[in-house]
Amino acid sequence: MENKMITVAMTGASGNMGQAVVKKTMELDYVQLRLLFVEGKRERKLEKAWKKQYGERVEIFFGNMKEFEDCRKLVENTDYVVNMAAIIPPMADKYPELARDVNVTGVKNVVTAIESLPIQPKFIHISTVAIYGNRDYNHPWGRVGDPLMPSAYDEYGTGKLIGERYVLDSEIKTWAVLRQTGMLYEKLLMANISDGLMFHTCLNVPIEWASDNDSGVLLRNIIAKDYEGKNRGFWKRVFNIGGGKAYRTTGYETFDMGFGMIGGSVEKFMKPNWHATRNFHCMWFSDSDELERKFHFQSKSLAEFWDDVKNKNKYFALAKILPASAISAMIFKPLLRDKNSPYRWIREGNEGRTNAFFGSKEQWEAIGEDWNNFDVWNKNQVKGHDYNREIRHSYARKCRLSHGYNENKPMSELSLKDLQDAAAFRGGKCLAKDFKKGDWYTKVEWECAEGHRFKASPYTVLKAGHWCPHCIQQSHWDFDRLAKKNPFYAQIWYDTHSQKEDAHYYIDRKGNSMVA
Ligand SMILES: [Zn+2]
């Protein structure tokens, strides 16, 4: 056992999470890495640096996940494959085809390549919190198994949902899916002040962050524990990655802390009506402590994280010399004109995006520019809500969503009736005739409210929260209609939507945001 080397293949190693994972994983002296890089300046630079630092222990080859042969080359003769590659917003919005190549086709290729091997490596797929869609103070806490309803026009969330489904439907014997939350990294602030994307973050949205270092430690510890044969209860499951208690906050507080580094605040730099009021993603995970208990990766506090960033970026202090109004005019106001900014959609009469992110133009107009008229949840200004009570973990039980079957009995007792109950709660049917009690992983047939038939394991539907794959289409968001027939969806959808809404949001071939 002692000196057995293992090979870990990775995609996405040049990304923010990937770099942290490589750094941490290389602390295990029995690990060799095989990395698939796409051609790029950053990748060539990293190749040079890592070759110098790690020598033979890192093998890097250049290719593309959309090519099956490259994926086959990546995964053969390996012990683990970690798929971290993702094209995230705003890139995913600007280059939807590229996003599909990586978030959908790339996953399919990696999955198929692993399936084709006589001896399969173990597969860890990194998914995302974006597949859950929007949350607010009505149901701020969520867990694996909750409905998966990516926000309208979020090509990334939808692509990642379809990609994750390939993994769950696959013939891979040993897999795990980790849904990564919003990730904090040193350059986050600087990386996000060039795009209107920051205004998609609702001020009253619950967010549980994690840092890039946390994710690196987590992946290192998973591999280490598995190597030692002490990894019970991990494989063939889906988990949420979150930073835990210290990292639970809101959109408003996040901006406030970030801007605090340059001597400002959200109210000094911004106006309430710059931000979307719905159609974002993120929530507090009631189950992120599961991975923490197994792998102890959560570190520091959010305040410490920002202090750390501040210390590494001394020039931030220089901004304090400038009045807040000057910073606002210099940095933030120009962003309102960005194509990705809600302010611009309103001005240009973009009906689809206006309705998706605000409900209607009238609802946007009602927000206004005066902070005195805007109720901030974490300041306890939202009527009927007590933020300090709601952020306590004990509140998670009180706003827990139903998954539509009896969750209180042991997993070994799963019966056909549970499957039928769960299907009915989703407006559909389970078509299985016989069912072996407690069999979570053999696929059975289902029918959705639209009459589509599909096969999926009970785990995929009941535990992972997936439902009809035909109803989830890239570039289409039809949840207003679907939620009307699906109580599982409805229990969360109407927190931020009205029963009267009946919009089918889509992006047309020319890339225009449409609504029908
Ligand atoms: Zn369907």
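The values are calculated or read from the model by the stated rules, or taken from the named source; none is laboratory data. All values reported here derive from a predicted model rather than from experimental measurement. Methodologically, a virtual Cβ is constructed for each residue, glycine included, from the backbone with ideal geometry; neighbour enumeration extends over all protein chains shown. What goes into the accessible areas is simple: the full protein's heavy atoms, side chains included, and nothing from ligands, DNA or RNA. Shrake-Rupley method; radii C 1.70, N 1.55, O 1.52, S 1.80 Å.
For the reader, a short list of remarks on this structure follows.
- Considering (1) more than 16 Å from the ligand (Cβ to nearest atom); (2) open to solvent by 20 Å² or more (accessible area, probe 1.4 Å); (3) at positive phi, the lone condition that Gln491 does not fulfil carries the number (3).
- Considering (1) closer than 30 Å to Phe295 by Cβ; (2) in contact (Cβ under 8 Å) with a residue 40 or more places away in the chain; (3) out of contact with any strand residue (DSSP E or B) (no Cβ under 8 Å at 6 or more places or on another chain); (4) open to solvent by 40 Å² or more (accessible area, probe 1.4 Å), the lone condition that Gly216 does not fulfil carries the number (4).
- Which listed residue is open to solvent by less than 10 Å² (accessible area, probe 1.4 Å) and either over 24 Å from Tyr153 (Cα atoms) or more than 16 Å from the chain's Cα centre (by Cα) (or both), from Gly258, Gly233, Gly264, Gly229: Gly258
- Odd one out for Arg42 among (1) charged (D, E, K, R); (2) buried (at least 20 other Cβ atoms within 10 Å of the Cβ); (3) over 15 Å from Val107 (Cα atoms): (2)
- When His452, His466 are checked against the criterion of being within 16 Å of the ligand (Cβ to nearest atom) and in contact with a His (Cβ under 9 Å, 6 or more places away or on another chain), His452 stands alone in meeting it.
- Test: residue in segment 498-506 that is part of a helix (DSSP H, G or I) and either without any contact (Cβ under 8 Å) to a residue 60 or more places away in the chain or crowded, with 21+ Cβ neighbours inside 10 Å (or both): no
- For beta carbons closer than 7 Å, sequence separation of 6+ or different chains, a first residue in segment 424-453 that is in the same structural domain as Pro147 (by TED's automatic domain parsing) and closer than 16 Å to Gly404 by Cβ and a second that is within 10 Å of the ligand (Cβ to nearest atom) and hydrophobic (A, V, I, L, M, F, W, C), there are no qualifying pairs.
- Applying the criterion of at least 3 residues that are closer than 30 Å to Glu290 by Cβ to the helices (runs of 4 or more DSSP H) found wholly in segment 357-401 leaves 387-390, 395-398.
- Check on Leu416, more than 24 Å from Pro96 (Cβ to Cβ), buried (at least 19 other Cβ atoms within 10 Å of the Cβ), away from the ligand (no atom under 16 Å from the Cβ) and modelled with pLDDT of 95 or more: no
- Restricted to segment 419-437, and to residues there that are closer than 24 Å to Asp287 by Cα and open to solvent by 30 Å² or more (accessible area, probe 1.4 Å), the residue that is nearest to the ligand (Cβ to nearest atom) is Phe425.
- From Asn64, Asn16, residue being at pLDDT below 95 and of a type in the set (S, T, N, Q): Asn16
- From Trp440, Trp446, Trp477, residue being within 16 Å of the ligand (Cβ to nearest atom), over 23 Å from Asp136 (Cβ atoms) and at pLDDT 95 or above: Trp446
- When we screen Thr460, Thr442 for residues that are open to solvent by 10 Å² or more (accessible area, probe 1.4 Å) and touching a Lys or Arg at 6+ places or on another chain (Cβ under 8 Å), the only hit is Thr442.
- Segment 268-295 residues that are in the same structural domain as Asp226 (by TED's automatic domain parsing), paired with ones that are surrounded by fewer than 21 Cβ atoms within 10 Å (Cβ to Cβ) (beta carbon under 9 Å, 6 or more apart): none
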